[in-house]
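Novice: Could you have a look at this structure, given as structure tokens, before my questions?
The values are calculated or read from the model by the stated rules, or taken from the named source; none is laboratory data. Treat the numbers as computed from the prediction; the structure is a model and nothing was measured. Cβ placement follows ideal geometry from the backbone for every residue including glycine, while neighbour counts extend to all protein chains displayed. In case anyone asks, the SASA skips ligands and DNA or RNA and just uses the protein heavy atoms, side chains included. Shrake-Rupley method; radii C 1.70, N 1.55, O 1.52, S 1.80 Å.
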Amino acid sequence: MPELTAEGILESSPRMDLETRFMFGCGPDKACFNSCCRDVSILLSPYDVLRLKNALHMDSSEFLEKYTLTMRSKDKQIPVVLLRMDEQTRKCPLVRESGCSVYAHRPWACRMYPLGMAEPKGPDAAAGRFYFLVEEQLCKGHGAGCEHSVREWIESQKLDPFNRMQTPFLELMSHPGWEAPDPMSQEKLAMYFMSLYDLDRFRRFVTETRFLELFEVDEERIEAIATDDEDLLELAIDWLAYSLFHEKRMKLRTPADGAAMSSASQSPG
Ligand code: SF4
Ligand code: SF4
């Protein structure tokens, strides 16, 4: 069984494409039911956070405080968000005896399981994206149930909206601007975290500061972001690409407004 590290996966996991078939079956009849929801590192994307906080009818700040841990990547100190396991039991706080309490809104990683996805960088990059099986001894689902192709699995787990919302986020994460020799300021990293993960706070930043006075945002988009978190997340990504990496995804109403940018960056608490 290949080691579940990036190196182990790249070196020895059999690579699967969308048509590769595998046997897997999961359900409450399995002795291992729920054991995969314990002591596990689940990285949450901004869209995962959006789905979970809405499923739980929580404000994003409250959700982040109660259910997540925020860490910084080693190299660039980019904030990353993980689902926080219960300190005593090490269980996911969202698991119940009957299974996942947010099943329809569970994160990308939980939907994909037992599949993983890798996007090699560097010399291996030409091989492109591939999928692999996460084979853990605790999981009795391998070789059980029905045969699926990777494509069928992705469809059956309703991963499409997650993948669609993940693409612009991954583009932002892999932006060459992160490679600049100067580290990003703490203020900019805090803005990155707020805009992507603390969406309700980002909405207040847009609507309660001079943001809409400074930037041209069409009326339709303003109406959409008032109620639609997906539209708001798309605006957050455009705003970050503009403010962190000077991409022309946003337009100032007048060039002189550039001087007022710093005051717009003071987000409300
Ligand atoms: S360990 Fe595997 S088979 Fe058991 S509940 Fe989790 S995913 Fe299903
Ligand atoms: S979110 Fe749901 S599926 Fe994912 S680890 Fe928690 S309980 Fe399990």
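Novice: Scan the helices (runs of 4 or more DSSP H) fully inside the stretch 44-116 and keep the ones with 3 or more residues being in contact with a strand residue (DSSP E or B) (Cβ under 9 Å, 6 or more places away or on another chain) and within 16 Å of ligand 1 (Cβ to nearest atom).
Specialist: Working: elements: 46-55, 60-67, 108-112.
Of the helices (runs of 4 or more DSSP H) lying wholly inside the stretch 44-116, those with at least 3 residues that are in contact with a strand residue (DSSP E or B) (Cβ under 9 Å, 6 or more places away or on another chain) and within 16 Å of ligand 1 (Cβ to nearest atom) span 108-112.
Novice: Out of the stretch 68-101, which residues are open to solvent by less than 30 Å² (accessible area, probe 1.4 Å) and of a type in the set (A, V, I, L, M, F, W, C)?
Specialist: Of everything in the stretch 68-101, those that are open to solvent by less than 30 Å² (accessible area, probe 1.4 Å) and of a type in the set (A, V, I, L, M, F, W, C) turn out to be ILE78, VAL81, LEU82, LEU83, MET85, CYS92, LEU94, VAL95.
Novice: With (1) crowded, with 16+ Cβ neighbours inside 10 Å; (2) part of a helix (DSSP H, G or I) as the list, and VAL217 as the residue in question, which single condition is left unmet?
Specialist: (2)
Novice: Is at least one residue of the stretch 144-155 open to solvent by 40 Å² or more (accessible area, probe 1.4 Å) and without any contact (Cβ under 8 Å) to a residue 40 or more places away in the chain? Let's see the steps before the verdict.
Specialist: Looking only at the stretch 144-155, we keep the residues that are open to solvent by 40 Å² or more (accessible area, probe 1.4 Å), and these are 145-147, 151-152, 155.
Right, trim to without any contact (Cβ under 8 Å) to a residue 40 or more places away in the chain and you get 152, 155.
Yes: one or more hits.
Novice: Next up: Return the residues of the stretch 37-47 that are within 9 Å of ligand 2 (Cβ to nearest atom) and out of contact with any Cys (no Cβ under 6 Å at 6 or more places or on another chain); say none if nothing qualifies.
Specialist: Start the filter on the stretch 37-47 by keeping residues that are within 9 Å of ligand 2 (Cβ to nearest atom), which leaves 37-38, 40, 42.
ARG38, VAL40, ILE42, listed by residue number.
Novice: Select from the stretch 156-168 the residues that are outside any helix (DSSP H, G or I) and exposed (fewer than 14 other Cβ atoms within 10 Å of the Cβ) and list them in ascending order.
Specialist: The answer is LYS158, and nothing else.
Novice: Within the stretch 133-151, which residues are within 22 Å of the chain's Cα centre (by Cα) and either more than 10 Å from ligand 1 (Cβ to nearest atom) or of a type in the set (Phe, Trp, Tyr) (or both)? Even if it seems obvious, please write down each step before you answer.
Specialist: Filtering the stretch 133-151 down to residues within 22 Å of the chain's Cα centre (by Cα) leaves 133-134, 150-151.
Matches in the stretch 133-151: LEU133, VAL150, ARG151.
Novice: When you check LEU235 against the structure, is it open to solvent by less than 40 Å² (accessible area, probe 1.4 Å), in contact (Cβ under 8 Å) with a residue 24 or more places away in the chain and touching a Leu at 6+ places or on another chain (Cβ under 7 Å), yes or no? Spell out the reasoning first.
Specialist: Details: open to solvent by less than 40 Å² (accessible area, probe 1.4 Å): yes; in contact (Cβ under 8 Å) with a residue 24 or more places away in the chain: yes; touching a Leu at 6+ places or on another chain (Cβ under 7 Å): no.
No; evaluated as a whole, the condition is false for this residue.
Novice: Mind telling me which of the residues GLU62, GLU119 ends up being within 30 Å of GLN137 (Cα to Cα), open to solvent by 50 Å² or more (accessible area, probe 1.4 Å) and either within 11 Å of ligand 2 (Cβ to nearest atom) or among the acidic types (Asp, Glu) (or both)? Talk me through it step by step, then tell me what you get.
Specialist: Details: GLU62 fails: within 30 Å of GLN137 (Cα to Cα).
When all the criteria are applied, what remains is GLU119.
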